[in-house]
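The values are calculated or read from the model by the stated rules, or taken from the named source; none is laboratory data. Source: prediction; values computed, not measured. So basically every Cβ, Gly included, is an ideal-geometry build from the backbone, and we count neighbours across all protein chains shown.
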Amino acid sequence: MPDPSHRPYNPMHIIRPDSLPRLWWLFPWSIARQLHKNAVAIREMADNQSTTITNQANILGRYMDENRNLKAEVTRLSHSREHWIAKHDRAYAVAMHNERVIADMESRIIRGAITPDAYPHE
């Protein structure tokens with residue numbers, strides 16, 4: 001399977017068991033070469049795992065920052081919502097007061113308590 005980072009394909013090194021074969025002293029250089037390959041493969045694997053852990057820590061940090069920003073946005077919007085609800089309540093109270101004043105004036109006009117001017121704006 002190709003490497004997802006689009007680098008040239010490197011086949012995975014197979015690490016053989018840690019016990020040496022029988023009569024290993026007859027071929028010491030081939031054993032040394034295999035041990036070296038094992039050490040290099042382990043080092044590359046550790047480097048890859050270290051990189052993976054670093055990337056995951058960075059991703060987790062970004063998620064935590066995004067979560068913190070979203071919580072701040074929710075708090076800001078909730079305060080904004082409370083502001084608009086309070087503003088609506090004040091406007092509604094003023095409108096109801098005006099309705100009561102107009103209804104009171106109409107009832108006094110109907111009862112004849114007050115006489116409206118024929119030309120109020122002249």
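A few comments on the model shown:
- Any hit, region 77-85, residues being assigned to a helix (DSSP H, G or I) and modelled with pLDDT of 85 or more: yes
- Test for ILE110: is it modelled with pLDDT of 85 or more and in a helix (DSSP H, G or I): no
- Test: ILE59 is on the phi < 0 side of the Ramachandran plot, surrounded by fewer than 10 Cβ atoms within 10 Å (Cβ to Cβ) and outside any loop (DSSP other than H, G, I, E, B): no
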